[in-house]
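Single-structure report; data block below.
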Amino acid sequence: MTRPSDVVRLWVEAFNRADSDSLAKLYAVDAVNHQVMFEPVKGRAAIAAMFAGEFSRAEMTCIVENLFEDGEWAILEWRDPLGLRGCGFFRVIDGLIKFQRGYWDQLTFLRQQGLPVPE
């Protein structure tokens, strides 16, 4: 049986390669990814498209600060090389991410990446 923290380690590796296809394969077909400042993204295909879009507009790196596990859940505390910090909660069932919720500061991210800041 694959542990939730093992799945999240694979997720971090794929994320750091900007590999949206490998990331998508870690999600259940009907998974939900909810980055709290956006509407939830539903379904593996939509999640793959979300990652592909994000990787096309910004260079992102996830450095693991802490990785905890509790039952079906893995909790990732991360930072990036520019100082942005956040955390993610991953519910993993049968070796696939069924639900993910992420918390991070969008305004700081946009400014660090030199992207337009909404008014």
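The values are calculated or read from the model by the stated rules, or taken from the named source; none is laboratory data. This one's a predicted model, so the numbers in the text were calculated from it and none came from an experiment. For neighbour counting, all protein chains shown are included, and Cβ atoms are generated from backbone atoms with ideal geometry for every residue, glycine included.
For Pro116, the conditions (1) touching a Leu at 6+ places or on another chain (Cβ under 6 Å); (2) without any contact (Cβ under 8 Å) to a residue 12 or more places away in the chain are fulfilled apart from (1).
I need every pair where a residue in the stretch 68-81 that is over 21 Å from Leu96 (Cβ atoms) has its Cβ under 7 Å from the Cβ of a residue that is surrounded by 14 or more Cβ atoms within 10 Å (Cβ to Cβ), sequence separation at least 6 or different chains. Between residues of the stretch 68-81 that are over 21 Å from Leu96 (Cβ atoms) and residues that are surrounded by 14 or more Cβ atoms within 10 Å (Cβ to Cβ), the close pairs are Glu77/Cys87; Arg79/Arg85; Asp80/Met60; Asp80/Thr61; Asp80/Cys62; Pro81/Thr61.
Among the numbered conditions (1) more than 19 Å from Leu26 (Cβ to Cβ); (2) at pLDDT below 95; (3) not β-branched (Val, Ile, Thr), the only one that Gly86 does not meet is (1). Of the residues that make up the stretch 8-18, is at least one closer than 20 Å to Gln106 by Cβ and without any contact (Cβ under 8 Å) to a residue 40 or more places away in the chain? The answer is no; no qualifying residue exists.
The residue that is surrounded by the most Cβ atoms within 10 Å (Cβ to Cβ), among those in the stretch 64-111 that are of a type in the set (Gly, Ala, Ser) and in contact with a Ser or Thr (Cβ under 6 Å, 6 or more places away or on another chain), is Ala74.
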